[in-house]
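Novice: Take a look at this one; I'll ask things after.
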Amino acid sequence: MVNSPVEQSLLVTGFGYEHDDPWATNMDLFKDFTDISRGVRRLGAAAVDMCHVALGIVEAYWEYRLKPWDMAAGVL
């Protein structure tokens, strides 16, 4: 049986401060991805998370409600 790319991946996410519906959805994704991937990490800074993806340290990153400055820092 061949493993999916997600099963072979280390993932990164972040959680916002507001505990509302998007936060709950992200928690559900965190649980689901933790169950099927090699692991999910929370490093604490969106720009650092994106840099880890760019460097190939982790395979993917997701987070709800990023601010434009978070995205800009990651792109730089």
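One line per residue, one yes/no per condition, for (1) in contact with a Gly (Cβ under 8 Å, 6 or more places away or on another chain); (2) aliphatic (A, V, I, L, M):
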site	(1), (2)
Ser9	no, no
Gly16	no, no
Ala24	no, yes
Met27	no, yes
Phe30	no, no
Met50	yes, yes
Glu59	no, no
Trp69	no, no
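Novice: Still on this structure: Could you check the range 1-14 and list, in sequence order, the residues that are under 19 Å from Cys51 (Cβ atoms) and not hydroxyl-bearing (Ser, Thr, Tyr)?
Specialist: Once the filter is applied, which keeps residues that are under 19 Å from Cys51 (Cβ atoms) and not hydroxyl-bearing (Ser, Thr, Tyr), the range 1-14 yields Leu10, Leu11, Val12, Gly14.
Novice: Pairs please, first residue from the range 20-44 and free of Cβ contacts under 8 Å to residues at least 60 places away in the same chain, second anywhere and outside any helix (DSSP H, G or I) and among the basic types (Lys, Arg), Cβ atoms under 6 Å, 6+ apart in sequence or on different chains.
Specialist: From the range 20-44, no pairs qualify.
Novice: Pull up the range 39-76, narrow it to residues that are over 21 Å from Met27 (Cα atoms) and part of a loop (DSSP other than H, G, I, E, B), then point me to the one that is most open to solvent (accessible area, probe 1.4 Å).
Specialist: Among those that are over 21 Å from Met27 (Cα atoms) and part of a loop (DSSP other than H, G, I, E, B), it is Leu76.
Novice: Tally time: how many residues in the range 15-48 are more than 22 Å from Ser4 (Cβ to Cβ) and of a type in the set (D, E, K, R)?
Specialist: Going through the range 15-48 one residue at a time, the tally reaches 4.
Novice: Could you grab me the full set of residues in the range 1-18 that are in a loop (DSSP other than H, G, I, E, B), open to solvent by 70 Å² or more (accessible area, probe 1.4 Å) and farther than 18 Å from Ala45 by Cα? Let's see the steps before the verdict.
Specialist: Let us first name the residues in the range 1-18 that are in a loop (DSSP other than H, G, I, E, B), namely 1-5, 9, 14-18.
With open to solvent by 70 Å² or more (accessible area, probe 1.4 Å) added as a condition, the list becomes 1-3, 5, 17-18.
Within the range 1-18, Met1, Val2, Asn3, Pro5 meet the criteria.
The values are calculated or read from the model by the stated rules, or taken from the named source; none is laboratory data. Since this is a predicted model, take the numbers as computed values, not measurements. So basically every Cβ, Gly included, is an ideal-geometry build from the backbone, and we count neighbours across all protein chains shown. What goes into the accessible areas is simple: the full protein's heavy atoms, side chains included, and nothing from ligands, DNA or RNA. Shrake-Rupley method; radii C 1.70, N 1.55, O 1.52, S 1.80 Å.
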